[in-house]
Amino acid sequence: MSLSSETPRPFFLSPQDLRIDDRFILFFENKIVADGATPFWTLESIDPTVVISGRLLRVEIDSGPEFIAVYLDSSPEQSLPSADLISLRSLLFADSPEFFRTAGVANQLDEWLQGHRYCGSCGAKTQPHASERALVCLPCARHFYPRINPCVIVLVVRGEEILLAKSSRHNADFYSCLAGFMEVGEAPEDTVRREVFEEVGVKVSSVEYISSQSWPFPSQLMLGFIAHYESGEIVPEPSEIADAQWFLPDALPTVPSAAISVAGGLIDHYLTRVARVEEQG
Ligand SMILES: [Zn+2]
């Protein structure tokens with residue numbers, strides 16, 4: 001293990017590339033191996049043989065301090081008895097956005113690594129790229145990069161009312177914005193109009209971009225919009241939507257937290273806007 005923190009390292013690391021001050025986030029069978037409220041382990045808090053038994057990938061978010069994602073092939077139960085195996089989804093409600101984001105990125109990269117062990121074109125085993133975060137098929141010279149799937153998420157408004165829906169999946173007990181994947185050839189605004197009509201039978205116009213968020217279930221980019229009601233009555237598409245209603249700002253159901261989801265952020269954004277109009281009026 002090197003003591004230097006100067007030399008740039010490849011993305012795919014070997015044990016000899018590790019540094020004494022590295023921070024690690026551990027995964028086993030799509031679960032995060034955690035001990036308390038921080039996602040990170042250090043060489044002081046962990047037996048180094050556990051770290052080097054896994055596949056090692058260097059990760060950096062927003063040019064922040066890097067960390068090493070370690071994907072373990074065997075259970076860490078024996079070597080890390082105090083650790084818990086937790087799901088990424090459970091972090092959504094854990095009030096720790098940094099933990100959620102860090103673990104989310106590492107989880108997306110794991111999805112990509114697992115899904116691209118072989119070339120989809122010729123079936124040969126892929127190899128880590130020497131310098132880029134990519135997997136390479138040597139026989140057909142294809143590169144495979146981590147893939148992001150763009151989605152839209154939209155808050156439909158009608159005067160002061162907002163349209164919120166309860167999903168028919170995941171036994172959802174909260175209401176949220178409508179959302180859906182972009183189709184080939186669509187601009188995000190087209191997706192907003194199509195998805196709203198497909199899911200609740202309502203036509204919208206004046207589609208306005210507000211904000212975005214990486215959503216690691218498993219690898220979406222959520223593009224957040226507000227759209228204005230144009231016409232139609234709510235008719236939920238039963239395979240996707242258990243219930244959908246118009247809600248007034250002072251009588252909202254349980255909605256996602258703005259701290260962690262773009263859906264909550266869109267709702268907050270709109271409530272702030274309504275409050276400002278009321279102040280002025
Ligand atoms: Zn190939």
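Rounded to the nearest 20 debye, the dipole magnitude of region 112-166 is 300 debye, with +1 charges on Lys and Arg beta carbons, -1 on Asp and Glu beta carbons, and the Cα centre as origin. Taking other Cβ atoms within 10 Å as a rough exposure proxy, R101, R147 sort from fewest to most as R147, R101. For region 30-43, putting each phi into the Karplus relation 6.51 cos²θ - 1.76 cosθ + 1.60 with θ = phi - 60° gives couplings of 6, 10, 8, 8, 10, 9, x, 8, 9, x, 9, 10, 10, 5 Hz, in residue order, rounded to whole numbers and with x for Gly and Pro.
Tally Lys and Arg at +1 and Asp and Glu at -1 over the other residues with C-beta under 14 Å from the C-beta of L18: what net charge comes out? For residues surrounding L18, the net value is -1. Over region 12-115, the fraction of Cα-Cα pairs per 10 Å bin, rounded to whole percents and listed from the shortest bin up, is 15, 53, 30, 2. Amide H to amide H, with H built 1.01 Å from N, D47 comes under 5 Å of no residue 5 or more places away or on another chain. Each of D243, D250 has some number of other Cβ atoms within 10 Å of its Cβ, and from fewest to most they run D250, D243. Distances between every pair of Cα atoms in the chain, grouped in 10 Å steps from 0 to the bin holding the largest one, split as 6, 24, 27, 21, 15, 6, 1 percent.
Label sites at S239 and A94, each approximated as a point 7 angstrom past Cα along Cα to Cβ, lie 3.4 nm apart. By the Cβ rule of 4.7 Å, the chain holds the following cysteines without a possible disulfide partner: C122, C140, C151, C177.
Mean residue ellipticity at 222 nm, helices only, the chain: -6500 deg cm²/dmol; runs of at least 4 DSSP H residues each add -39,500 (n - 2.57), and the sum is divided by the number of residues.
Expressed as a whole percent, the proportion of Cα-Cα pairs in region 75-152 lying more than 15 Å apart is 68%. Compute the acute angle (0 to 90°) between the alpha-carbon long axis of helix 262-280 and the principal axis of greatest extent of the alpha-carbon atoms of the chain; round to the nearest 10°. Approximately 40 degrees, to the nearest 10. For S212, the amide hydrogen comes within under 5 Å of the amide hydrogens of G224, counting only partners 5 or more places away or on other chains and with H modelled in the peptide plane.
Taking the number of Cβ atoms within 10 Å of each Cβ as an exposure proxy, the fewest-first ranking of V202, V33 is V202, V33. Distance from the alpha carbon centroid of region 252-281 to that of region 18-44 works out to 35 angstrom.
P150 sits among other residues whose Cβ lies under 13 Å from its own Cβ, and their net charge, with Lys and Arg +1 and Asp and Glu -1, is -4. Under a model in which nothing but the beta-carbon of Lys, Arg (+1) and Asp, Glu (-1) is charged, region 149-280 shows a dipole of about 220 debye around its Cα centre.
Rounded to the nearest whole Hz, the Karplus-based 3J(HN,Hα) values (6.51 cos²θ - 1.76 cosθ + 1.60, θ = phi - 60°) of region 11-17 follow the sequence 6, 8, 9, 9, x, 6, 7, with x at glycine and proline. Reachable lysines from K166, Cα under 22 Å, same-chain residues fewer than 8 places away excluded? Partners within reach: K203. Mean projected area of the Cα convex hull of region 149-280, taken over all directions, amounts to 7.9 nm².
Here region 12-115 carries DSSP beta bridges of which approximately 75% are antiparallel, counting only pairs with both residues inside.
Amide H contacts for A242 (H built 1.01 Å from N in the peptide plane; partners 5 or more residues away or on another chain; cut-off under 5 Å): K166, S167, S168. Note on region 12-115: with charges restricted to the Cβ of Lys and Arg (+1) and Asp and Glu (-1), its dipole about the Cα centre is near 160 debye. Straight-line cross-link partners of K31 among the aspartates and glutamates, defined as a Cα under 16 Å from its Cα and at least 8 positions apart when in the same chain: D73, E77, D84, D110, E111.
Throughout, read-outs are computed from the coordinates displayed, never taken from laboratory work. Since this is a predicted model, take the numbers as computed values, not measurements. Neighbour counts are summed over all protein chains in view; Cβ atoms, including those assigned to glycine, are modelled from backbone coordinates with ideal geometry.
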